[in-house]
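Participant: Here you go, one structure.
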Amino acid sequence: MTIERSRLDYNREKQVIINLILNTKYCEKILPVISPDYFDVKYASTVIDWVRAYYESYTVAPKLHINEIFEEHGKDLEEETHTQVGNVLQHLTDVADTEVHNVDYLIDVANDLFREKHLERQNKAIAKYIEKGDLISAENVMLEQYH
């Protein structure tokens, strides 16, 4: 039996989430390519959905308005997710006054994270298809490109 090890990207994942909340240009570039599947943290899909809805309505990042969204919708979350989102928002409050610098670099960091996650998932799918003897499906998965 093999033990599968993967690098944990919680800090990079948290950085992506916080920058989505704080920066409109970041939202503009990252929301079209982001997928909750690229995150190991449980709360990511919830916050991404909130940011996406806010951005689509107002064409700006929610910034500290995310706290109002959390107050409104947080009560519907599972306890663990509620706690995780609360922790991220507390961290956000601590850093919100600092201006986000070098957004282009932060966008590149996010895209690198997403490409890595895409390749990891692709690699796992290919291995499963090969194990089943389904080489055509494995080859098709190889053709899938990160957008």
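Participant: Answer yes or no: is there a residue in segment 52-61 that is over 12 Å from the mean Cα position of the chain (by Cα), buried (at least 17 other Cβ atoms within 10 Å of the Cβ) and of a type in the set (Gly, Ala, Ser). Give the derivation first.
Facilitator: First pass over segment 52-61, keeping only residues over 12 Å from the mean Cα position of the chain (by Cα): 53-61.
If we keep only those that are buried (at least 17 other Cβ atoms within 10 Å of the Cβ) too, we end up with 54-55, 61.
Narrowing the set further to residues that are of a type in the set (Gly, Ala, Ser) leaves 61.
The answer is yes; a qualifying residue exists.
Participant: Another question, then. Which of the following residues is in contact with a Pro (Cβ under 7 Å, 6 or more places away or on another chain), at pLDDT below 95 and open to solvent by 20 Å² or more (accessible area, probe 1.4 Å): SER45, SER35, SER6?
Facilitator: Only one candidate passes the filter, namely SER45.
Participant: While we're on this one: Quick one: in segment 114-141, of everything that is over 15 Å from the mean Cα position of the chain (by Cα) and basic (Lys, Arg), which residue is most open to solvent (accessible area, probe 1.4 Å)?
Facilitator: That would be LYS132.
Rundown of residues vs (1) modelled with pLDDT under 90; (2) among the polar types (S, T, N, Q), yes/no style:
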{"position": "TYR55", "(1), (2)": "no, no"}
{"position": "TYR58", "(1), (2)": "no, no"}
{"position": "GLY74", "(1), (2)": "yes, no"}
{"position": "GLN84", "(1), (2)": "yes, yes"}
{"position": "LEU89", "(1), (2)": "yes, no"}
{"position": "ASP97", "(1), (2)": "yes, no"}
{"position": "ASN102", "(1), (2)": "yes, yes"}
{"position": "ASN140", "(1), (2)": "no, yes"}
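Participant: Let me ask you something else. Does at least one position in segment 21-31 carry a residue that is touching a residue at least 60 places away in the same chain (Cβ under 8 Å) and under 12 Å from the mean Cα position of the chain (by Cα)? Break it down into steps so the answer makes sense when it comes.
Facilitator: Kept after step one, since they are touching a residue at least 60 places away in the same chain (Cβ under 8 Å), are these residues of segment 21-31: 21-23, 25-26, 29-30.
Imposing the further condition that a residue be under 12 Å from the mean Cα position of the chain (by Cα) reduces the set to 21, 30.
There is at least one residue in segment 21-31 that is touching a residue at least 60 places away in the same chain (Cβ under 8 Å) and under 12 Å from the mean Cα position of the chain (by Cα).
Participant: Name the residues in segment 18-74 that are assigned to a loop (DSSP other than H, G, I, E, B) and of a type in the set (A, V, I, L, M), would you? Full working, then the answer.
Facilitator: First, the residues of segment 18-74 that are assigned to a loop (DSSP other than H, G, I, E, B): 23, 31-35, 39-43, 59-62.
Within segment 18-74, LEU31, VAL33, ILE34, VAL41, VAL60, ALA61 meet the criteria.
The values are calculated or read from the model by the stated rules, or taken from the named source; none is laboratory data. Just so we're clear, the structure is a prediction, and the values are computed from it rather than from any experiment. So basically every Cβ, Gly included, is an ideal-geometry build from the backbone, and we count neighbours across all protein chains shown. All accessible areas refer to the heavy atoms of the entire protein, side chains included, with ligands and DNA or RNA removed. Shrake-Rupley method; radii C 1.70, N 1.55, O 1.52, S 1.80 Å.
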